[in-house]
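Any read-out appearing in this document is the output of simple, stated calculations on the displayed coordinates, not a laboratory observation. What you see is a predicted model; the values in this text were computed from it and never measured. Glycine also receives a Cβ, built like all others from the backbone with ideal geometry; neighbour counts cover every protein chain displayed.
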Amino acid sequence: MSTADDVATGDDQVARDAGVARSSNTFLGDVWVNFKRWNRKAVRNPFVLVVSLVQPIIFLILFTEVFGNVAGDAVNRGIPGISYETFLVPAITIQVALAAAVTSGIGLVNDIENGMFEKVLVSPMNRTAVFVGKTAAEVFRIAVQIAIILVLGVLLGAEIATGVVGALGIIGVGICFSLWFVAVSNSLALLTRDQESTIIGANLLQFPLLFLSTAFLPLEAMPEWIQTFAKLNPVTYGVDAARSLMLDRDAMTVIQVSWFDGTLDGVVPGVLVLVGLDLVLGAVAVFLLSRASSSAVR
C-alpha cells in the first residue's frame, strides 16, 4: 500500500473513531481527535515540515555570513552593542512561524481534494473544534521548530539575554504571531479550494511581509516609504516583541509605552496587536468553516 493510501486509511480510521468519540458530544473530545489526526498526517508526510524549517535556516546562515558585516553596522547604529546574529534570530523565529502557517492551508486543501474534508463536514463533530484541533497541532509543531532555530542561533553566536525564560517567551510570541496567518492560510484554502492558488496566495503575502518589516534591518535604516509600511506590518510587531525578549530591553519601534519600565514595554504592545489580529482573522476562518458544506467542496 502506498504512503498516500496509508494516510487516507489513517484519516478514515480517525473519522470513524471520531464518530464513536462523539457519543459524549464534548467539544474538547473533538479538539483532541483533530489534534491527533493532524499530527499523524505530519509524521506520515514530513516533507512539508522540513521545507518550512529549512528555508528559515538558510536565511539565518546566509544573512549572518553574507550580510552580517554590512547589516551589522546599520544594526549597531540603531541598537548599539549587539551582534547581527542576536538581532536576526528573533526575526527568523517569526519567519519560521510564518512559513509553517503557510502549510496549514495546504493541508486543508489536501483534505478537500481527497474527500476527507467532506467526511468531516457530514460527521457530527463541532466545526469550531475541528479548526481548533487542527490549529493546536500546527501550533505544537511551530513551537518545536522555533526551539530548533533558537538553539541553532545560539550555536552561531547569538545571545538570549533573558535566558531560558526569555526563550520560552520568544516561542510564545512566535505562536501568537502564527495564529493570525494560520487563519489567513485556511481562509484562502476554503475560498479557493485549490492547492496551487493557496500556495501562491500565501507566498505572495509571506515575502513582502518579511522584507517590508523590521525583521532584517532597524526601522530607522529603511527608506521612508518602507518605514510607513513596516509600522502597519504585523511582522514588525512580532519581531519587535521577540527581539525585546532576546535583548532584555524595550525594542518596540512602533508603539512606545512606559507601562512596565523595561523589557515588557516592548513585548506587551506587540502581543496585544497580534492577539487582536488572531481574534478577528480566527473568527473569519471559523465563520468560513462553519459555512462550508459538502456541495461547496465538490
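Distance between the pseudo-spin-label points of Val144 and Ile58 (7 Å out from Cα toward the beta carbon): 2.2 nm. Annotation: for a label point projected 7 angstrom from Cα along Cα→Cβ of Glu113, residues of region 193-209 with backbone N closer than 16 Å are 193-203.
Multiplying the sequence separation of Asp194 and Arg291 by 0.36 nm and subtracting their Cα-Cα distance, what value in nm do you get?
33.2 nm
With the biggest extent put first, the Cα atoms of region 214-298 measure 53, 31, 18 Å across the principal axes. Between the C-alpha center of region 201-276 and that of region 146-171 there is a gap of 18 Å. Quick one: if you stick a label point 7 Å off each Cα along the C-beta vector at Glu220 and Ala161, how many nm between them? Here the modelled spin labels are 1.6 nm apart. With r defined as the distance between the Cβ atoms of Leu168 and Val122 and R0 fixed at 45 Å, what FRET efficiency is calculated, to the nearest 0.05? Between Leu168 and Val122 the formula returns 0.65. In summary, the lysines within cross-link reach of Lys36, defined as a Cα separation below 30 angstrom excluding same-chain residues under 8 places away, comprise Lys119, Lys134. Straightening the chain between Val154 and Phe27 buys 41.7 nm, computed as 0.36 nm per residue apart minus the Cα-Cα spacing.
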